Protein chains: 2
Amino acid sequence: MSIDPPGFELPLRLFLGFRVLIDELHAELARQGHPHARPMHGFVMQAIGIEGTTAVELGRTLGVSKQAAGKTIETLERLGYVERARDPRDTRRKIVRLTPWGVDVLARSARIFDDLRARWAAVIGDERLRDLEADLRKVTPQDVFRLDVPGWFGA
Amino acid sequence: MSIDPPGFELPLRLFLGFRVLIDELHAELARQGHPHARPMHGFVMQAIGIEGTTAVELGRTLGVSKQAAGKTIETLERLGYVERARDPRDTRRKIVRLTPWGVDVLARSARIFDDLRARWAAVIGDERLRDLEADLRKVTPQDVFRLDVPGWFGA
DNA sequence: CTATTACCGACAACGACGTTGTCTATCTTA
DNA sequence: TAAGATAGACAACGTCGTTGTCGGTAATAG
């Protein structure tokens, strides 16, 4: 026997739903030639955006230190997803930009997420899925990038 | 401008919903005398259960190594949430049990989660919330403990 | 024009938390 | 009774976050 009230289920289901989508995304990304993409990378590359950014800026966007952002950028650079170049107008800055390979991951992710969403719609119905999204929008914050994921779950 | 298809929003909203609930849970737990409880602890203590368990068993339940489970148990022990005792019938085993202090966290968590759920119901409606839970149940796995959280999000 | 201040990126040291590997003690089984 | 399996402790290591420090460049105040 264990303590098991109704309120415990809601956060768990939300997390499991998230996990299912992310896991299936990355299984499919691996099949499509991106076996080294990790859940974090997608968020980071979204945060980098099309215009590019710097380590300090990225750290602020993601809510981590500039050093942590720098290390993540190094990883993405090693995987070929981003590249760095000196800013000619401010030689202190190094601008991080998505490579075509990085844009490819984002584009594929977008299509895969749309497919996964369609599969959910097929299971629970299109209207119910739209309701679900609308309801979640009402109870969650608007700022989408400050996930503060790193170490947040740690013991 | 950034790549921003409809499919990207669903996983994000699910995660943010989860985050909102967990963050508010721990803010309230801190107010109620449990400032050191971390998100992971609740799941682990749920996994330990009323009858208790061992490090090896716990590791299997949570999907981590027995060493990692042992370290988590040490942390919980230091916080006074669990205690260990030798199994008289198998002196190799050390049984981990919740202390009354540990049971207290779980009981308070249960009430807080119920309150948070009620607040969601007040915002989106009770029926819509029940629909949301029912729909999520349809698209998520049944095994609830294998979160495989540790390091899963890492870059 | 110059001196101070602010900012960027790199490097080092550290802590938290996961992993694998090894070891001893104990239980189980052939 | 001997061999194998299992529990838990200990150590070493890797990853990823943190803070602190530093040199180089930009912006700004006097």
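For residue B:99, the residues 5 or more places off, or on other chains, whose built amide H falls under 5 Å of its own are B:82, B:83. Shielding value for B:110-120 is 4, the average number of Cβ atoms from other chains within 10 Å of each residue's Cβ. Springs between Cα atoms under 10 Å define the GNM used for chain A, and in it the highest mean-square fluctuation of A:126, A:135, A:104 occurs at A:135. Counting, for every residue in A:17-28, the Cβ atoms of other protein chains within 10 Å of its Cβ and taking the mean gives 5. For the stretch A:14-139, the dipole from Cβ point charges (+1 on Lys and Arg, -1 on Asp and Glu) about the Cα centre works out to 560 debye, to the nearest 20. Dividing the helix sum by the residues of chain A, where each DSSP H run of 4 or more adds -39500 (n - 2.57), gives a mean residue ellipticity at 222 nm of -20500 deg cm²/dmol. All C-alpha to C-alpha distances of the stretch A:17-155, sorted into 10 Å bins beginning at zero, yield P(r) values of 10, 35, 34, 16, 4, 0 percent in whole numbers. Ignoring lysines fewer than eight residues from residue B:71 along the same chain, the ones with Cα atoms less than 24 angstrom from its Cα are B:94. Cβ-Cβ distance of residue B:24 and residue B:71, R₀ of 41 Å, FRET efficiency by 1/(1 + (r/R0)^6): the value works out to about 0.90. Take each residue of peptide B:125-137, count the partner chain Cβ atoms within 10 Å of its Cβ, and average: the result is 5.
On the beta carbon distance between residue B:94 and residue B:32, with R0 = 35 Å, the FRET formula returns roughly 0.70. Which FRET efficiency, nearest 0.05, do residue B:119 and residue A:142 yield, Cβ-Cβ r, R0 22 Å? Result of the calculation: an efficiency of 0.75.
Residues whose amide H falls under 5 Å from that of residue B:93, counting only those 5 or more places apart or on a different chain, are B:87, with hydrogens built in the peptide plane.
Couplings 3J(HN,Hα) for the stretch A:8-25, derived from phi with the Karplus relation 6.51 cos²θ - 1.76 cosθ + 1.60 (θ = phi - 60°), are 5, 6, 4, x, 4, 5, 4, 5, 4, x, 4, 4, 4, 5, 5, 4, 6, 4 Hz, where x marks Gly and Pro.
Any read-out appearing in this document is the output of simple, stated calculations on the displayed coordinates, not a laboratory observation. None of these values were measured; they are calculated from a predicted model. All Cβ positions, even for glycine, are placed from backbone atoms using ideal geometry, and neighbour counts span all protein chains on display.
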